[in-house]
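Here the structure is laid out as structure tokens; the discussion comes afterwards.
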Amino acid sequence: MNASERKIRFGMVGGGRGAFIGAVHRIAAAIDGQIELVCGAFSSDPERSRESGADLFLPPERCYGDFAEMMQREAALPEGERMDFVAIVTPNHVHFPAAKAALEAGFAVLSDKPATFDLAEAKELAKLVRRTGLLYGLTHNYTGYPLVKEARDLVASGRLGRIRKVVVEYPQGWLATRLEADEQKQAAWRTDPKRSGAAGCMGDIGTHAENLAEYVTGLKIKELAADLTTFVEGRQLDDDGNVLLRFEGGAKGVLHSSQISVGEENNLNLRVYGEKGGLEWHQAEPNTLLVKWLDQPTQVLRTGNGYLGAAAQAAGRTPPSHPEGYLEAFANIYLNFARHLRAVIDGTEPEATALDYPGIEDGVRGMAFIEAVVASSMNNAAWTPLDC
């Protein structure tokens, strides 16, 4: 049976009982009815993994004790039964070994961000993706919003002129106190350098801001100057950071990321200013894009309207004035990845919109951003190039 005649099947590494992002991935995968979860290694504890699979009504024989067992046993199944790709939704330190095992077993990968624990792993993973020729996607889900895609297309059209300045911020307030001391699960691993990596706040949400800025502008960050702070006493990793950016082509930028900004939820915002116009987008009101001009009033673009471009329209699901948000944006990453994978399986040419999801290059750049930020901050905010 061709992939065009069935759902795309996936397995999950991580995301078991008590996890946050695993459920988000499963909802996103299910929204369009194109993908189905068929197996998983949901926890580092084999019994917890099997219990988590039972919660999802999966057959016991498809709930594995660890990801190595999952790759081996799934690869041994007939082609018509085995999973088509692996979703990795673990803490950061497991991303690389799980992705490596999946690719070496012949399975495509869609991973939560950041791609790996450090830059060396990201570069090794990129080589493996190229060598196997298998698909690799990264869930920088904020790029899935329809009006983020409209903003990207507007910049690419040249209507704003040459981009001069980019301002991107992602403040949260949930780590304003030392939640990890009480073993709060999400706080515990995100503030642990053995599981999170070299950065805390900057690795967790600063990379989202970095990726959004590069996605919309089409410009790559060339070098940066960073000042990281750990405000909460006893915390091992940064919980706040301010970064100056220099982009290829001469544009300048400011990136602010914080998890101790009391009262903030997920206040991701982007402003882009060109020679002729600018744009402004807020994740708290994702269905609105402000477009500003030198010589005419500000335009207010809204999701779901026919005046939007093809990418924005392809990413929308509801009529105008019906709000779409975080889960739908996440689903667009899954949908495009599945559409691309379906074309690969069937040996057909994928549609252009199916290629619109973050990939291994974004993963490498995200890790290079993290390491440059940490190095710069340790060197009194010295200008530091990204090692991509």
Result of the Cβ filter at 8 Å on the range 2-16, keeping first residues that are without any contact (Cβ under 8 Å) to a residue 60 or more places away in the chain and assigned by TED's automatic domain parsing to the domain that holds ALA75 and partners that are assigned to a loop (DSSP other than H, G, I, E, B) and crowded, with 17+ Cβ neighbours inside 10 Å, at least 6 apart or interchain, is GLY16/PHE42; GLY16/SER43
Pairs returned, first residue in the range 115-126 that is in contact (Cβ under 8 Å) with a residue 60 or more places away in the chain, second residue that is part of a loop (DSSP other than H, G, I, E, B) and not polar (S, T, N, Q), beta-carbon separation under 7 angstrom, 6 or more apart or interchain, are PHE117/GLY197; ASP118/GLY197; ASP118/ALA198; LEU119/ASP387; ALA122/ALA115; LEU125/ALA115
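Take the residues of the range 350-379 that are without any contact (Cβ under 8 Å) to a residue 24 or more places away in the chain, assigned to a helix (DSSP H, G or I) and not assigned by TED's automatic domain parsing to the domain that holds GLY197: which is nearest to HIS256 (Cα to Cα)? Before the answer, list the steps.
If we filter the range 350-379 for residues that are without any contact (Cβ under 8 Å) to a residue 24 or more places away in the chain, which is where we start, we get 350-352, 354-355, 375, 378-379.
From the residues that got through so far, the ones that are assigned to a helix (DSSP H, G or I) too are 352, 354-355, 375, 378.
Next, from what is left, pick out any that are not assigned by TED's automatic domain parsing to the domain that holds GLY197: 352, 354-355.
Working: ALA352: 33, ALA354: 31, LEU355: 29 Å.
Top of the filtered list is LEU355.
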Residue set GLY306, GLY347; condition without any contact (Cβ under 8 Å) to a residue 12 or more places away in the chain, at negative phi and not assigned by TED's automatic domain parsing to the domain that holds GLY22; output residue GLY306
Of those in the range 134-185 that are polar (S, T, N, Q), part of a loop (DSSP other than H, G, I, E, B) and in contact (Cβ under 8 Å) with a residue 40 or more places away in the chain, the residue surrounded by the most Cβ atoms within 10 Å (Cβ to Cβ) is THR139
request  = Take ALA251 and decide whether it is of a type in the set (Gly, Ala, Ser), under 18 Å from CYS388 (Cα atoms) and buried (at least 20 other Cβ atoms within 10 Å of the Cβ).
outcome  = no
Expected single match for in contact with a strand residue (DSSP E or B) (Cβ under 7 Å, 6 or more places away or on another chain) and either among the basic types (Lys, Arg) or over 17 Å from GLY203 (Cα atoms) (or both) among ALA102, ALA126 is ALA102
Those residues of the range 25-58 which are within 25 Å of LEU335 (Cα to Cα) and surrounded by fewer than 19 Cβ atoms within 10 Å (Cβ to Cβ) amount to ILE27, ALA30, ILE31, ASP32, GLY33, GLN34, GLU36, ASP55, LEU56, PHE57
Q: Look at VAL262 and say whether it is assigned by TED's automatic domain parsing to the domain that holds THR191, of a type in the set (A, V, I, L, M, F, W, C) and surrounded by 14 or more Cβ atoms within 10 Å (Cβ to Cβ).
A: no
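Which is in a loop (DSSP other than H, G, I, E, B) and not assigned by TED's automatic domain parsing to the domain that holds GLU214, of ALA115, ALA126?
Details: ALA126 fails: in a loop (DSSP other than H, G, I, E, B).
Unique residue meeting the criteria: ALA115.
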Only one of ARG62, ARG73 is in contact with a strand residue (DSSP E or B) (Cβ under 7 Å, 6 or more places away or on another chain), charged (D, E, K, R) and within 26 Å of GLU5 (Cα to Cα), namely ARG62
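The values are calculated or read from the model by the stated rules, or taken from the named source; none is laboratory data. The model shown is predicted, which means the values in this text are computed figures rather than measured ones. Please note: Cβ atoms are built from the backbone with ideal geometry, for glycine as well, and neighbour counts cover all protein chains shown.
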